[in-house]
Amino acid sequence: MNCTDDEIMLHALIDGELDAGHARTVEAHVASCPACAQKLSAFRSMRAAMAQANLKERAPAHLRSRVEQALPASSGRIIRPAQFSQPSRRTFFGGFAAGAAVSGAIAASLVLSVFRTDQEQTVADEIVSAHIRSLQPGHLMDVATSDQHTVKPWFDGKVDVAPPVIDLTAEGFTLVGGRLDYVDGEPVACVVYQRRKHIINLFVAQRLGTGHANVKARTVQGYNVRNWSNQGLDFWAVSDLNPQELGEFVQKISAALAAPGSS
Amino acid sequence: MADDAHDEHDDKARRFRDAALPHLDDVYTLARYLMLDAADAEDAVQECYLRALRHFDSYRGPAMKPWLLAILRNVCNAEFARRRKQAASSDQFDEPADETPPIWQEPQLSPESALLRQQDGDTIRQLVAGLPPPFREAIVLREINDLTYQEIAEISGVPVGTVMSRIARARSMLRWAWNAAEGAPPGTLR
């Protein structure tokens, strides 16, 4: 990073939106650049002043009761907006209802499709956070070995599943070890692979927000993520590896799981 | 059967109240900053809650707050669109079509100081309210509704990169206006 970069990274740093690697890069630049240090300090002061000013509005009591009355009464009778005895002020939303009902429905369905996969997305965010944590020095592995027969017993008693530990060295994915991780407060087995310089974390647990056999691909904070279910276990693979090779990794794992006598 | 139906309604209504009403202050706050008028904001909030209830069956948790704020934003934008259509001759409610702020120009010689003037809450509210719509929306969702970039991106229907640049620009404009506004001189703290 240098000063000709725009200020976006400073703001992402202030907002805690950078992963550890990028945060270090930005902080290192700020440490050596008085101009950016000054900006960062001013923006931080401004943010603190806004927080202190308590800008969140309190909904007035009459609005709260108006909304509560508009919602269905406990009798179960749904009160439709048209039944309101109190005519709405001016023609504010009357016009909306008549004129934009169709576009409103489209907009609502867009909103819903965005949020339907929320739960899975939340797990995906957690998984990526765990992946980023694991990249900190000394955090990647609890047991470092390329021997699958060492990694697998290591998990015994630490997690309530026996995660399949598959040696894919011959396929170009080196097994480097295993780790006990926590996702959403629950212990989760994590098997660590490496392809060239790229670490792949394969998280395995009984219930980890997946529940579908097809492999779903997504990108979170620039990391490629794949998740799927197999034999009652949820799998999440995360890496900065390119999507093609991560897809290949997932295929190899799935093929090995399907083969008799696997793991 | 009718009783069952009623129970179901009761249950749905109760679940909706429990899930949605705790976010009333957040929804109202965003409505105030988007509509810039207290009475308009109240109408928007009511419409938002009614619409959210209608779609509550297909709602999948767990993030209720951003879901409600997304609906609120749609309600407000639909209202702005309606007004534009109704009063095409008036540019009173026109929002800028692109992201170039109409009034705010990035000043060449800005009163940028490492120190910040002390401003009271009302002044800060006015400064935020003075930002052009997309920047105002982004900064309110970030600083006041306390959402992540990803959540803001989903609400505003833009990529995360756009959210990042909007927030950076919003803060730059705000900082300039902040120090330009009357207030205690830079650096004085109370």
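Quick look at the numbers
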read-out: Region B:155-173 - residue that is within 8 Å of chain A (Cβ to nearest Cβ) and buried (at least 23 other Cβ atoms within 10 Å of the Cβ) and, of those, farthest from A:ARG44 (Cα to Cα); value: B:ILE167
read-out: Close pairs (7 angstrom Cβ cut-off, 6 or more residues apart or separate chains): touching a residue at least 60 places away in the same chain (Cβ under 8 Å) in region B:57-78, surrounded by fewer than 20 Cβ atoms within 10 Å (Cβ to Cβ) anywhere; value: B:ALA63/A:ASP118
read-out: All positions within region A:150-159 that are part of a helix (DSSP H, G or I) and free of Cβ contacts under 8 Å to residues at least 60 places away in the same chain; value: A:THR150, A:VAL151, A:PRO153, A:TRP154
read-out: So B:ILE152, is it within 29 Å of A:LEU18 (Cα to Cα) and either at pLDDT 90 or above or not in a helix (DSSP H, G or I) (or both); value: yes
read-out: Matching residues in region B:118-149 - criterion: being surrounded by fewer than 21 Cβ atoms within 10 Å (Cβ to Cβ), part of a loop (DSSP other than H, G, I, E, B) and not acidic (Asp, Glu); value: B:GLN118, B:GLY130, B:PRO132, B:THR148
read-out: Qualifying residue in region A:10-28 (condition: touching a helix residue (DSSP H, G or I) at 6+ places or on another chain (Cβ under 8 Å), basic (Lys, Arg), more than 9 Å from every other protein chain (Cβ to nearest Cβ) and closer than 28 Å to A:VAL220 by Cβ); value: no
read-out: Region A:130-140: number of residues that are crowded, with 17+ Cβ neighbours inside 10 Å and not in a helix (DSSP H, G or I); value: 1
read-out: Residues of region A:141-188 classified as of a type in the set (A, V, I, L, M, F, W, C), in contact with a Pro (Cβ under 8 Å, 6 or more places away or on another chain) and surrounded by fewer than 17 Cβ atoms within 10 Å (Cβ to Cβ), total; value: 1
read-out: Only one of B:ALA44, B:ALA19 that is more than 7 Å from chain A (Cβ to nearest Cβ), among the hydrophobic types (A, V, I, L, M, F, W, C) and either outside any helix (DSSP H, G or I) or surrounded by fewer than 19 Cβ atoms within 10 Å (Cβ to Cβ) (or both); value: B:ALA19
read-out: B:ILE103 vs. criteria more than 11 Å from chain A (Cβ to nearest Cβ) and either touching a Gly at 6+ places or on another chain (Cβ under 9 Å) or modelled with pLDDT of 85 or more (or both); value: yes
read-out: Residue list for region B:27-39, restricted to those being assigned to a helix (DSSP H, G or I) and either surrounded by fewer than 19 Cβ atoms within 10 Å (Cβ to Cβ) or more than 7 Å from every other protein chain (Cβ to nearest Cβ) (or both); value: B:VAL27, B:LEU30, B:ALA31, B:TYR33, B:LEU34, B:MET35, B:ALA38, B:ALA39
read-out: Residue match in region B:65-85 (condition: modelled with pLDDT of 80 or more, surrounded by fewer than 13 Cβ atoms within 10 Å (Cβ to Cβ) and closer than 22 Å to B:GLY157 by Cβ); value: yes
read-out: Subset tally (residues that are at the interface with another protein chain (Cβ under 7 Å from one of its Cβ atoms), over 17 Å from B:ASP122 (Cβ atoms) and either surrounded by fewer than 12 Cβ atoms within 10 Å (Cβ to Cβ) or of a type outside the set (Val, Ile, Thr) (or both)) for region A:52-67; value: 4
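The values are calculated or read from the model by the stated rules, or taken from the named source; none is laboratory data. The shown structure was predicted, so the numbers you read here are calculated from the model rather than taken from an experiment. For neighbour counting, all protein chains shown are included, and Cβ atoms are generated from backbone atoms with ideal geometry for every residue, glycine included.
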